[in-house]
Each structure stands twice: as C-alpha cells, then as structure tokens.
1. Given a 1.4 Å probe and the protein chains all in place, what does the accessible area of F105 round to, in Å² to the nearest 10?
2. Lysines near K156 by alpha-carbon distance under 17 Å, same-chain residues fewer than 8 away left out - which ones?
3. How large is the accessible surface per residue of the stretch 128-282, computed with a 1.4 Å probe and reported in Å² as a whole number?
4. List the lysines whose Cα sits under 20 Å from the Cα of K71, skipping any in the same chain fewer than 8 residues away.
5. Determine the share of the stretch 62-212's accessible area contributed by carbon and sulfur atoms, expressed in whole percent, with a 1.4 angstrom probe.
Amino acid sequence: MAGRYDPNPFDEEQVNPFSNPRSTASATNSRPAPLNPDRADYNYGFGPTVDIPLDNTSTDVKKKERELQAKDAELRKREQEVRRKEEAIARAGIVIEEKNWPPFFPIIHHDIANEIPIHLQRLQYVAFFSLLGLVLCLTWNVVSVTAAWIKGEGVKIWFLAIIYFIAGVPGAYALWYRPLYRAFRTDSAIKFGWFFMFYLLHLGFCILAAVAPPIVFKGKSLTGILSAIDVVGDYTLVGIFYFIGFGFFCLETLISVWVIQQVYMHFRGGGKTAEMKREAALGAMGAALR
C-alpha cells in the first residue's frame, strides 16, 4: 500500500528508473518552449481600429444646421413678401389671370366653370361658341378667297381676307368677349356697356359678310351670298366654297343675335341700366375734376 505522501506516479517530472538517463534527459530538455501570449483581438478579424476625431464631425453638422436655418429663414421671408404682395393686389381689386386655354398652347385665361355664376354659365358658353364661330368663318373665308385668287380673281381680295382674320379674331376677343366675361364675373355695368357697343359692331360685320355687297373690290373678299352667286358662274368649285362660307356667316349671325338678346335681358333684369348711367356720370365728373 502506497504511503500517504508518496509522489504522484503520473507526474511528468518522475523519471522512469528503467529508462536510460541520457534519453530521459534529452526527452526532458526537448519539450517545446511556451508561445508568447498574443494580444486579444476585439475587432473580430477586421483589422485595427481607426481613431476618428469627433470634434470636426460635430463642427460640420453645426455648420450645415446653420446653413439650413438660414435658408429656411430666407424662404419664410420670401413667402411673407409674396403673401404681402398678393394681399395688396387683392385689396387693389386687381385679378391675376393665368393663361390656361387652349391647353396645348395657353394664350388666354378662360375658366367659366369656376369664375362665372352657375346661372350665367350657359350664356357664357354660347358667347364663347360665337367667338369660335367667328374664327371658323374667317378661316374658311381665307380658304375660299385663296381659291378664288388662284383662279384669277386677283391678289387684293386675298390680302383683305388676311386682314379680316388678323384683325377680327384678336379684336373680337379683346373688344367684346373679354368684357362680357368680366361683366359676368364682376357684375360691372361699365363692362356690360363696353360689350354691347362692340358686339353690335361684330353683329353688323357678320351681316355684311353674309351679304357681301359689292362695296370693296366687288365684295369678293368676303364669302357672302352675292359673291357666291357671282363666282359660281365662272368657277363652280370656288362658288361652292363661297356658298359654304355664306352658310357659316348666317349661322354666326343667328347665334350673335341670340347672345346679345339674352345678355340684354339679363342686363335689364338685374337693374344695371341705372347703375351704368351712375358710373358713367361719376367717371365724367372725375375726368372733369382732373
């Protein structure tokens, strides 16, 4: 039985008594040397850490924040300036009209559904069709007179047809359609008076064009009934063009008569006659005082 304090037989330092002393010493001395302790790697193999100074980052953030605040203040200042101008324009009674018609190439402002009272929208639409009808009549007049010119009627009637179109289309819009539009929108008696004066001229021109009396260059610069009868004997196709133009001018005349009648009924029914006289008197008095 082994003693209580006998050495551990499994201890590596025990020497086998049956082994060669030389081999035992060499075996003891041939033990590998312990490895140097490595530094613990806390980056999980992603390389050494890079120290980023936090002072520069915070400075850039503060600088950008100041720039954004300055831009925000400038935008608010501009918005207040625009709002102030809009309020001043509204107080002065000036209406800013954005061009929105025709949609593919806006040249005029036109928004009957949102700006004209609902009980007047039908009449305003018919007046607008009257304007478009005049554009159609004058366009067909140019086509017909061009055909007559090609057949030997002379270039003077063609130049007159071009003048009718260039002066008639923008003139009709500026002189009677826009005043009627603004009269319905603002209920201004002066605008109604302006409309009546120039729409009567428009109606007279339509009647003259439908008849085409031999006043200016034998009347062939307008596709009226007399010009159509005169041309159809020499050039049948051109005469047919003239008769179609005569029909267009007749239809335009009928629509124009209906429009002026309905506008006058609305004007009288709303009691605008006395108001127009009063506004005219005030305008004349103001002009005299100046």
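1. F105 has an accessible surface of roughly 130 Å² with all protein chains in place.
2. Straight-line reach from K156, under 17 Å: K218, K220.
3. With the other protein chains kept in place, the stretch 128-282 gives 49 Å² per residue.
4. Counting by Cα, and skipping residues close in sequence, K71 has these lysines nearby: K62, K63.
5. Within the stretch 62-212, the accessible surface is 65 percent carbon and sulfur.
The values are calculated or read from the model by the stated rules, or taken from the named source; none is laboratory data. Note that the coordinates shown come from a computational prediction; the quantities given were computed from them, not determined experimentally. Just the protein is used for accessible areas: all its heavy atoms, side chains included, with ligands, DNA and RNA removed. Shrake-Rupley method; radii C 1.70, N 1.55, O 1.52, S 1.80 Å.
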